[in-house]
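These notes concern the structure reproduced below.
What follows draws every value from the coordinates through simple rules; no lab data is involved. Just so we're clear, the structure is a prediction, and the values are computed from it rather than from any experiment. No Cβ is skipped: glycine too gets one built from the backbone with ideal geometry, and neighbour counts run over all protein chains shown.
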Amino acid sequence: MKFVSPLLKKVVYPCLASTGYLRGRANGGDLCVVTYHGILPAGYEVTDADQDGGLVSREAFRRQIRLLKSRYHVVTPEEVLAWVREGRALPRRSVLLTCDDGLLNTVTEMVPVLREENLSCLFFVLRASTSPTSSMLWYEELYLAMLDAPDGTFSFEELGMTVELKERKQRRQVWGTLLKKLSEVDEPQRTNFIGRAREKFGLSGEWRAGILCSEARRQRFSLLNLSQLRQLLDQGMSVGSHTLSHPVLSQQSSELAWKEISESRSALQNALGTGVWALAYPFGDPAAVTSREWQLAEQADFACAFMNVGGGFGAALPRFALPRVHVTSDMGLAEFEAHVSGLHHALQAHMSGRASA
């Protein structure tokens, strides 16, 4: 999560929101795409802000979408598809809701709120959600295992690496290195590595089951299975691809990146019996997604593809690198609208330009 100064959060953005400036600033934009990563389940205790910071409370989510309904025009995924493919005009100040990863809490916590508010959302999911059984995001399982590992030095011959695990902050840095390194290989090799890492860390065979020891933790960490994925469609939601297994695509060979992008679309279409027209790049920042991935998305016959940064009205809207506002748990309502209006991104770009001058 990028740092936002307390002055902006607590003073500037609330003042601008109260005057209507933020809404007025959005008048010149065609579309703003907002993305979530799920809802914190009832009873779930946050113990790691880095890990859980991408999930918002149910109450915050409701406040945010009600603000969007009152001041903007929340459009359906089908309207955006028509805008992309046929050039149909969108209403002024249009906002599209999206959600990445396909965690179980999207069905248990998020969809009920969307249904109450009569809104739809485009959910980006992995191939794992076409399975009849549930699984976890590989990099979350790795991070949790590294947090539970004892202090010490561990050698991973298959990666040509030796890592030392110390305090939590240092472990997260090591995890970031492993995340990139493991993205270079395919999903089966990643799965095997995590299994061997658990053994080296001295974690028992029951360790993984312990992660999901409560209903709240199951909703937090489990991915949707096929039955639950079909519930999304049955309740009026749309489904897009988030690749086969959520690697850092820029770290992969062209062959692996093509497989992740193209085969994810066919896997979802075969499992659901419906068209899949949109792709959301995993991680979705410029370090994780390059022009190569934009070209691969187009070659795979997606209608469009989404980044995870740079969103807000007024932003450029390249078809295979559509920007999105990434909503985080520390984002107040005024700050949320500052992102939607495009002001926050404009300020960031201005400050970045001054820093590089």
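Annotations
- Distance histogram in 5 Å bins (all Cα pairs of the range 1-68, percent per bin): 3, 12, 16, 21, 24, 15, 6, 3, 0
- Rounded to the nearest Hz, the phi-derived 3J(HN,Hα) couplings of the range 144-161 under the Karplus curve 6.51 cos²θ - 1.76 cosθ + 1.60 (θ = phi - 60°) are 4, 5, 5, 5, 8, 6, x, 4, x, 10, 10, 9, 10, 4, 5, 9, x, 10, where x marks glycine and proline.
- Separation of the alpha carbons by more than 24 angstrom is noted, of Lys10/Lys180; Lys166/Lys200; Lys9/Lys69; Lys181/Lys259, for Lys10/Lys180.
- Placing unit charges on each Cβ (+1 for Lys and Arg, -1 for Asp and Glu) gives the chain a dipole about its Cα centre, and among Thr274, Met110, Ser245 the Cα reaching farthest toward its positive end belongs to Met110.
- The helix-based estimate of mean residue ellipticity at 222 nm for the chain, built from -39,500 (n - 2.57) per DSSP H run of four or more residues and divided by its residue count, is -13000 deg cm²/dmol to the nearest 500.
- When Rg and Dmax are taken over the Cα atoms of the range 1-150, they come to 17.9, 57 Å.
- With a Förster radius of 41 Å applied to the C-beta separation of Ala287 and Glu199, the computed FRET efficiency comes to 0.85.
- Label point at Leu347 placed 7 Å out along Cα→Cβ; residues across the range 13-36 whose backbone nitrogen lies under 16 Å: 13-26
- Most fluctuating residue given options Ser183, Ser120, Ser254, as computed from a GNM of the chain linking Cα atoms under 10 Å: Ser254
- The amide H of Gly311, built 1.01 Å from its N in the peptide plane, has Arg324, Val325, His326 as neighbours under 5 Å, considering only residues 5 or more places off or on other chains.
- Asp151 paired with Glu184, simple spin-label distance in nm, labels 7 Å along Cα-to-beta-carbon: 3.0
- Convex hull of alpha carbon positions in the range 195-323: directionally averaged projected area 10.5 nm².
- Cα pair distances in the range 106-257, grouped into 5 Å bins until the bin that holds the longest one, percent each: 2, 8, 16, 18, 18, 15, 11, 7, 4, 1, 0
- For the options Ala49, Ala315, Ala278, a Gaussian network treatment of the chain with springs between C-alpha atoms closer than 10 Å singles out Ala49 as fluctuating the most.
- Where labels lie 7 Å past Cα in the beta-carbon direction, separation of Ser131 and Leu159 in nm: 2.1
- For the range 260-339, the spread of Cα coordinates along the three principal axes comes to 42, 27, 21 Å, biggest extent given first.
- Principal axis dimensions, the chain - Cα atoms, whole angstrom, descending: 57, 48, 44
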